[in-house]
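Just below is one structure, and these are the notes that go with it.
The values are calculated or read from the model by the stated rules, or taken from the named source; none is laboratory data. Quick caveat, the model's predicted, so the values are computed rather than measured. We place every Cβ from the backbone using ideal geometry, glycine too, and count neighbours over all the protein chains shown.
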Amino acid sequence: MHVTSERLLDDGVVEREFTLGELPGILWTPASASAPVPLILLGPPPLGLREVYPRLAARARRSAADGFATATIELPGRGDRPRLPATEQALADLRGAMAAGEPVGDEIIDALILPLVDKAVPEWQAALDALLALPEIGGPVGYSGGVISIGTRLAVVEPRVSAAVLFAGSFIPRAVLEEARRVTIPLHVLLQWDDEGNDRQAALDLFDAFGSPEKTLHANMGGHTGVPQFAGDAAAQFLTRHLT
């Protein structure tokens, strides 16, 4: 891990941009911590870190106030990373189908989501290796965010993730629905009931499929970016309960 910049934010949070090979990311840690702290992996939406930085930084500051370090990485094909031609074509097909008012078929969803999951999850694991090697981070580890298929796969294959907040709102391949049955860690799922472009029933089916003995669905009225403050507070309380 190579730190490319470091600054102290006005609320006592240290923000470090880093690269891991060619993979960019950001790490936030509470400057006041006197012992190694738990870590939350912030799953970004597939818009590029620069685009969603304000949202991620706000969540990181809240987590630092709760005593956690947080980190995020750029998703494959996003930001300044090389584009993935097959994924770009699937995205164009998705937009075309939605503009025409046609149903989005499984082939488009698979082509859009599964390559992203297959590439992003090993990158998250490599980042986790590097982050847990830092003296100020001690675990346990939680995951918070989307793409929900990435969070689902990570919950299945990465034993160091002990709890997850998953943001519904992205398309879900049938293969991920099957993987969900193997998830056993505590889950807190956020669903915006009126999320434009989101298949609400698919999100409900995924929640039903999760094999976790402890799983909570927190559904609220409103669109994709309209998560109310109290819903974010409940998600933060969930992570505090399971990571401390």
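Please verify whether the stretch 179-193 includes one or more residues that are at positive phi, surrounded by 18 or more Cβ atoms within 10 Å (Cβ to Cβ) and modelled with pLDDT of 90 or more.
For the stretch 179-193, residues at positive phi, surrounded by 18 or more Cβ atoms within 10 Å (Cβ to Cβ) and modelled with pLDDT of 90 or more: absent.
Tell me whether the stretch 95-102 contains one or more residues that are aliphatic (A, V, I, L, M), surrounded by 20 or more Cβ atoms within 10 Å (Cβ to Cβ), within 25 Å of GLN201 (Cα to Cα) and in contact with a helix residue (DSSP H, G or I) (Cβ under 8 Å, 6 or more places away or on another chain).
no
Can you give me the number of residues within the stretch 79-120 that are over 25 Å from GLU22 (Cβ atoms) and of a type in the set (Asp, Glu)?
Step one: of the stretch 79-120, the residues over 25 Å from GLU22 (Cβ atoms) are 92-110.
Remaining after also requiring of a type in the set (Asp, Glu): 93, 102, 106-107, 110.
Going through the stretch 79-120 one residue at a time, the tally reaches 5.
Is it the case that the stretch 82-90 has a residue that's crowded, with 19+ Cβ neighbours inside 10 Å and at pLDDT 95 or above?
Of the stretch 82-90, the ones crowded, with 19+ Cβ neighbours inside 10 Å are 87, 90.
Subsequent filtering for residues that are at pLDDT 95 or above retains none.
No, the stretch 82-90 contains no residue that is crowded, with 19+ Cβ neighbours inside 10 Å and at pLDDT 95 or above.
Out of ARG55, ARG59, report the one residue that is in a helix (DSSP H, G or I), among the basic types (Lys, Arg) and closer than 19 Å to THR240 by Cα.
Values: ARG55 fails: closer than 19 Å to THR240 by Cα.
Exactly one of ARG55, ARG59 is in a helix (DSSP H, G or I), among the basic types (Lys, Arg) and closer than 19 Å to THR240 by Cα, namely ARG59.
So which residues in the stretch 220-244 are in contact (Cβ under 8 Å) with a residue 60 or more places away in the chain, exposed (fewer than 15 other Cβ atoms within 10 Å of the Cβ) and hydrophobic (A, V, I, L, M, F, W, C), if there are any at all?
Correct list: empty.
Right, GLU15: in contact (Cβ under 8 Å) with a residue 24 or more places away in the chain, within 20 Å of GLU123 (Cα to Cα) and either of a type in the set (Asp, Glu) or surrounded by 22 or more Cβ atoms within 10 Å (Cβ to Cβ) (or both) or not?
Details: in contact (Cβ under 8 Å) with a residue 24 or more places away in the chain: yes; within 20 Å of GLU123 (Cα to Cα): no; either of a type in the set (Asp, Glu) or surrounded by 22 or more Cβ atoms within 10 Å (Cβ to Cβ) (or both): yes.
Here the answer is no, as GLU15 does not meet what is asked.
For (1) of a type in the set (A, V, I, L, M); (2) outside any strand (DSSP E or B); (3) out of contact with any Lys or Arg (no Cβ under 8 Å at 6 or more places or on another chain); (4) free of Cβ contacts under 8 Å to residues at least 24 places away in the same chain, each residue gets a yes or a no:
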{"site": "ALA90", "(1), (2), (3), (4)": "yes, yes, yes, yes"}
{"site": "ARG95", "(1), (2), (3), (4)": "no, yes, yes, yes"}
{"site": "GLU107", "(1), (2), (3), (4)": "no, yes, yes, yes"}
{"site": "LEU116", "(1), (2), (3), (4)": "yes, yes, yes, no"}
{"site": "ALA120", "(1), (2), (3), (4)": "yes, yes, yes, no"}
{"site": "LEU166", "(1), (2), (3), (4)": "yes, no, yes, no"}
{"site": "GLY169", "(1), (2), (3), (4)": "no, yes, yes, no"}
{"site": "GLU178", "(1), (2), (3), (4)": "no, yes, yes, no"}
{"site": "ARG181", "(1), (2), (3), (4)": "no, yes, yes, no"}
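Looking at SER149, SER212, SER162, which is the one that is on the phi < 0 side of the Ramachandran plot, in contact (Cβ under 8 Å) with a residue 40 or more places away in the chain and either among the polar types (S, T, N, Q) or part of a loop (DSSP other than H, G, I, E, B) (or both)?
SER162
Restricting attention to the stretch 4-32, which residues are farther than 13 Å from LEU131 by Cβ, charged (D, E, K, R) and in contact with a strand residue (DSSP E or B) (Cβ under 9 Å, 6 or more places away or on another chain)?
GLU6, ARG7, GLU15, GLU17, listed by residue number.
Tell me which residues, restricted to the stretch 78-88, are of a type in the set (A, V, I, L, M, F, W, C) and assigned to a helix (DSSP H, G or I).
Within the stretch 78-88, the subset of a type in the set (A, V, I, L, M, F, W, C) is 84, 86.
Across the stretch 78-88, the qualifying residue is only ALA86.
When the residues of the stretch 18-69 are narrowed to those that are of a type in the set (S, T, N, Q) and free of Cβ contacts under 8 Å to residues at least 24 places away in the same chain, which ends up surrounded by the most Cβ atoms within 10 Å (Cβ to Cβ)? Break it down stepwise before answering.
Let us first name the residues in the stretch 18-69 that are of a type in the set (S, T, N, Q), namely 19, 29, 32, 34, 63.
Adding the requirement that they be free of Cβ contacts under 8 Å to residues at least 24 places away in the same chain leaves 19, 32, 34.
Details: THR19: 14, SER32: 10, SER34: 7.
This residue is THR19.
Among the listed residues GLU74, GLU136, GLU123, which satisfies the condition of being of a type in the set (Asp, Glu) and under 27 Å from ARG241 (Cβ atoms)?
Only one candidate qualifies: GLU136.
Any residue at all in the stretch 139-147 that is under 28 Å from GLU102 (Cβ atoms) and at pLDDT below 95?
Quick first cut of the stretch 139-147, residues under 28 Å from GLU102 (Cβ atoms) only: 146-147.
Keeping just the survivors that are at pLDDT below 95 gives 146-147.
Taking every residue of the stretch 139-147 in turn, at least one turns out to be under 28 Å from GLU102 (Cβ atoms) and at pLDDT below 95.
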